[in-house]
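*Asks:* The structure's right below; bear with me while I get my questions together.
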Amino acid sequence: MKQKLLVVFTLFLIYSVSGQNKFQNKKPNIIYILADDLGIGDLSVYNEKSKIHTPHLDQLADDGMRFTDAHTSSSVCTPTRYGILTGRYNWRTPLKQFVTWGTSPMLIKDDRFTVADLLQQNGYKTANIGKWHLGLNWDLKDTSKELEHYSSVKDKYPMEQLDYTKPLKKGALDLGFDYSYLLAASLNMPPFVYVENDKVVMQPTGISEQKRKSNKYAYWIKGPISNDFKHEEVLPVFVDKTVSYIKENAKDDKPYFIYLPLPAPHNPILPTAPWKGKSKINPYADFVLMIDDLMGQIFKAVKESGEEDNTIVIFTSDNGCAANANYGVLKAKGHNPSYIYSGNKGSYLEGGHRVPFIVKWPEKIKPNTISDATICTTDFMATTADIVNYNLKDNEAEDSYSMLPLLLQEKGYEREATIHHSKEGVFAIRKGDWKLIVSANKGLNAMGRPLKKLNDLPEIILYNLKTDVKEQINLAEKHPEKVTELKQLLIKQINDGRSTPGKLQKNDAIDFPWVQAAFAIK
């Protein structure tokens, strides 16, 4: 009897130890949360004068690492998303300005390796939940209207031609995601339907429109809508889906990756009870409070999963705060979404692309640490590659640098410069304290037409952010050597098809009209 008990006990110990080792050796879960139009000054941990208190996101920063000089590769939605998922600047593609629409075809090409591909091929379950805004290839009633990939801002499927009864021809599942529950574009862009994996969840049966004159904070373009789609419920629906996914995959022997691009606080600004009116400022401030509370639900789910120590949670934004948040009211109440920076969403100025960026990873990152390194959201892909020991090929993540040394507080982060891009397609390049803006009058509007030239705007603008963080003093004439240095570096990184070391890559940025104008400037 004693021998039998000894055998059983020994087997139990072996099973327990092997089970522990299995989870100890498990690669970290990764949750990437991307807010939509959230300013760096909207988080109280970043803004000592903030009138919006964000306790859950502040706690995330206290528990992990907060970056003070983090940037998106563009100051609008779609291009930033492209950079996050591919580790490549968007202007190397046909997307030269503005964004895609709800009926635009896929921007990411079939042969483009994504961070989801990378993680899927390295043993991860991968999920995309939220606002997609990178184009989808819808099935059409008239196949002669089909488009293979996005090639210009004018590329859109006719809304009336979308066949919602058939699966998508191309979507998130074709880019490395095992599971997807998405909204095609921004919450103000039709069609207003949920797409789960490659199928529309409920067929649209009505038409919805909310005009700006009826609510300056909440308006959207007229378009098809399904009965299960309520604009004010979309954000909570995505958060609930994320919480469920975390619970379902807790303690699984495979790690998971969740890409959660929120549809908020982008217009339509729709805070619901109990957050409506809670800020006593305006609906935008209420919406930020709502986001913070919902993020708390996700963080709670991670904690309760039992895998908090080995779960990386990243929180950032796709660009700065949008003007329709009603800056006038916010500033009158003492709150500035851009904090101490000039500009907002769409701008090449800091307020357009400098964003909150917080990373929590209890197993590796010391709590309450701050990094002043200049990073870019394109760096996510190289960082994940470093985490899973994957060697990126020359045609993968060409503008991505691993942030792992920064997270571990080690040497080795190698980003030399960061190229910024405005809504209109105007370039800026940042290296150290210096920032050069070229051909500021050469951008295009959303319809692809030249912008109206501003007579008081010079063709070359040079700022020293160390002494002039508000970007008010143009030093181009005083420092021509710095202008030359940054201009040559910009041209090189455009021509090379990459900013990281490696073989030169083909890209179509060289034929970009105002790139040529920038090259011509002495």
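What follows is calculated from the coordinates using simple rules that are stated; it is not laboratory data. The structure presented is a predicted model; accordingly, all values stated were derived computationally and were not measured. Cβ placement follows ideal geometry from the backbone for every residue including glycine, while neighbour counts extend to all protein chains displayed.
*Asks:* Give me the percent relative contact order of the range 129-268, please, defined on Cα pairs under 8 angstrom at least 6 residues apart. Don't jump to the answer; show the numbers that get you there.
*Replies:* Numbers: 235 pairs, mean separation 35.5, N = 140.
Result for the range 129-268 is 25 percent.
*Asks:* With a cap of 15 neighbouring Cβ atoms within 10 Å, and only residues DSSP puts in a loop, list the trypsin sites (Lys or Arg not before Pro) found in the range 36-110. Before the final figure, lay out the partial values.
*Replies:* Working: sites: 49, 51, 66, 81, 88, 92, 96, 109; in loops: 49, 51, 88, 96, 109.
Passing both the DSSP loop test and the Cβ count: 49, 109.
*Asks:* Could you order the peptides 254-266, 170-182, 358-370, 140-152 from most to least packed, using the average number of other C-beta atoms within 10 Å per residue?
*Replies:* In descending order of packing, they fall as 254-266, 170-182, 358-370, 140-152.
*Asks:* 7 Å from Cα along Cα→Cβ at both residue 160 and residue 228: what's the point-to-point distance in nm?
*Replies:* About 2.8 nm, to one decimal.
*Asks:* Using only alpha carbon pairs under 8 Å that are at least six residues apart, calculate the relative contact order of the range 28-413 and give it in whole percent.
*Replies:* Relative CO of the range 28-413 lands at 30 percent.
*Asks:* Further, regarding this structure: Can you list residues whose amide H is under 5 Å from residue 202's amide H, if they're 5+ apart or on another chain and H is modeled 1.01 Å from N?
*Replies:* Residues meeting the amide H criterion: 194.
*Asks:* Right, here's the next one. Quick check for you: which residues of the range 235-261 have the amide N under 14 Å from the point 7 Å beyond the Cα of residue 196 toward its beta carbon?
*Replies:* From the range 235-261, the list is 237-238, 240-242, 244-245.
*Asks:* Once fully extended, how much extra length lies between residue 323 and residue 414, figured as 0.36 nm per residue of separation less the alpha-carbon to alpha-carbon distance?
*Replies:* Numbers: separation 91, 0.36 × 91 = 32.76 nm, distance 3.44 nm.
Residue separation times 0.36 nm, minus the Cα-Cα distance, leaves 29.3 nm.
*Asks:* Determine the shape class of the chain: with a ≥ b ≥ c the square roots of the Cα gyration tensor eigenvalues, call it rounded for a/c under 1.5, and otherwise prolate if a/b is greater than b/c, oblate otherwise.
*Replies:* Rounded.
*Asks:* Quick one: grab the alpha carbon gyration tensor of the range 380-481, order the square roots of its eigenvalues as a ≥ b ≥ c, and give me rounded if a/c is under 1.5, else prolate or oblate depending on whether a/b is larger than b/c.
*Replies:* oblate
*Asks:* Let me ask something else. Using alpha-carbon positions, what is the distance between the centroids of the range 227-245 and the range 95-124, in Å?
*Replies:* 23
*Asks:* Shifting gears a bit: Rounded to the nearest whole Å³, what is the per residue volume of the convex hull around the Cα atoms of the range 166-259?
*Replies:* Hull volume over Cα atoms, normalised by residue count, gives 110 Å³.
*Asks:* So, one more: Within the chain, which DSSP H helices have Cα atoms that stretch 15 Å or more along the helix axis and a mean Kyte-Doolittle hydropathy of at least -0.5?
*Replies:* Correct list, ordered by number: 2-24, 234-249, 283-304, 480-495.
*Asks:* Fully extended, how many nm does the chain gain between residue 393 and residue 457 (0.36 nm per residue separation, minus their Cα-Cα distance)? Provide the component values of the computation, followed by the final result.
*Replies:* On the way: separation 64, 0.36 × 64 = 23.04 nm, distance 4.11 nm.
Answer, rounded to one decimal: 18.9 nm.
*Asks:* With r defined as the distance between the Cβ atoms of residue 479 and residue 366 and R0 fixed at 45 Å, what FRET efficiency is calculated, to the nearest 0.05?
*Replies:* 0.75
*Asks:* Near residue 169, which aspartates and glutamates are there with a Cα under 15 Å away, not counting those fewer than 8 places off in the same chain?
*Replies:* 110, 139, 142, 146, 148, 196, 198
*Asks:* On a full-extension model of 0.36 nm per residue, what is the gain between residue 215 and residue 496, subtracting their alpha-carbon distance, rounded to one decimal in nm?
*Replies:* Working it through step by step, the gained length comes to 96.5 nm.
*Asks:* Just order 289-300, 479-490 by mean Cβ neighbour count inside 10 Å, highest at the front, would you?
*Replies:* 289-300, 479-490
*Asks:* Sticking with this structure for a sec: Determine the calculated [θ] at 222 nm for the chain from helices alone, applying -39500 (n - 2.57) to every DSSP H run no shorter than 4 residues and normalising by the residue count; nearest 500 deg cm²/dmol.
*Replies:* Mean residue ellipticity, 222 nm, calculated: -7500 deg cm²/dmol.
*Asks:* For a test of the definition: using alpha carbon positions, the gyration tensor, and the 1.5 limit on a/c, classify the range 21-120 as rounded, prolate or oblate.
*Replies:* Oblate, since a/c reaches 1.5 and b/c is not below a/b.
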